[in-house]
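The values are calculated or read from the model by the stated rules, or taken from the named source; none is laboratory data. Note that the structure is a prediction, hence the values are computed from the model and not measured. Cβ placement follows ideal geometry from the backbone for every residue including glycine, while neighbour counts extend to all protein chains displayed. Just so you know, the surface numbers come from the protein's heavy atoms only, side chains and all, with ligands and any DNA or RNA stripped out. Shrake-Rupley method; radii C 1.70, N 1.55, O 1.52, S 1.80 Å.
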Amino acid sequence: MPEATVEVQGLAVRYAELSALSDVTVSFSPGVTVVVGPNGSGKSSLLKAIAGIVPHASGSIRIDDQPAAEARAQGRVAYVPQADALDSDFPLTVQDVVAMGTYAQSTSRVHTRATVAEALAQVGVSPLAHRQFGELSGGERRRVLVARALAQHADVILLDEPTAGVDNSAQQTLADVFRALAARGVTVIEATHDLHGYASRADAAVVLHRSVIASGDPSAVLTPEVLARTFGVEA
């Protein structure tokens, strides 16, 4: 799997008159990078801009030497939303949802089934394969959507609060999955509020509050001084 670097330069995202991101310049390399910040700081907007879900008012996003749009068209970018985008009554089984991640690949049905089975096993939801997606709990749906991203075999995986509503055991399973992806050279970008969990095990951290407050090694970035300035509380 090729390694990918995501380069964001001077990014601005606006919703009508509201500025969500302003002049964001940051680089994401292979490994796990956590993006932290208070509610409304632009974490989700940053991931959505990289995923091509929201347009940016200015700036650029590149995956290696490609414009992000080209990389996305090639299936190099996978995205797990904060709130699942599928209606709870959507008439698909779990394995059908995960198979969506393989649509950009030219593979046989046998290979697709194997890819789906592997992704489900990785996140610990193989017994749910034939269940209707809409029947699952919020935490189960979250893991299924992570499995869909794994099935895509993308170079860049964007995760917006992937452990929201997920129990402690499943959180550890997902953490191990993300570390394994990083070890294979995948660029994992995760928006999270969990400063003491994922953040402490990440390769890099970005503190965001509509613009980049700090970025780099977590031990140098997630300091009491930076977090107090960003969140307004002692950490």
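At a glance:
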read-out	value
Anisotropy class of the range 100-195 from Cα gyration tensor, a/c 1.5 cut	oblate
Nearest-20 debye value, the chain charge dipole, Cβ charges on Lys, Arg, Asp, Glu	320
Furthest towards positive pole of dipole, SER211, LEU195, LEU136, structure part the chain, Cβ charges	LEU136
Angle between the chain longest axis and helix 138-151 axis [Cα atoms, degrees, rounded to 10]	80
Under 5 Å, built H, 5+ apart or other chain: amide partners of VAL212	THR25
Contour excess over end-to-end distance, with Cα ends at ASP167 and ASP65 and 0.36 nm allotted per residue	32.8 nm
Portion, in percent, of the accessible area of the range 146-206 that falls on carbon or sulfur, probe 1.4 Å	48
Extension gain, GLN9 back to ALA180 (0.36 nm per residue minus Cα-Cα distance, nm)	58.7 nm
Fully extended contour minus Cα-Cα distance, from GLU118 to THR223, at 0.36 nm per residue	34.0 nm
Solvent exposure ordering (accessible area, 1.4 Å, most first) of ASP194, ASP203	ASP203, ASP194
Student exercise, the range 1-103 dipole from Lys, Arg, Asp, Glu Cβ charges, in Debye to nearest 20	200
Angle between the chain longest axis and helix 109-122 axis [Cα atoms, degrees, rounded to 10]	50
Prolate/oblate/rounded label for the range 1-145 (Cα gyration tensor, a/c 1.5)	prolate
For LEU174, net neighbour charge (Lys/Arg +1, Asp/Glu -1) across residues whose Cβ lies under 9 Å away	+1
Per residue, in Å², the accessible surface of the chain once ligands and nucleic acids are set aside, probe 1.4 Å	45
Near-label residues of the range 125-143 by backbone N, under 20 Å of a point 7 Å along Cα→Cβ of ASP96	125-138, 140-143
Only Lys, Arg (+1) and Asp, Glu (-1) charged, at Cβ; the range 89-210 dipole about Cα centre in debye	240
With Cα atoms, 0 to 90° folded angle of helix 168-183 axis to the chain main axis	80
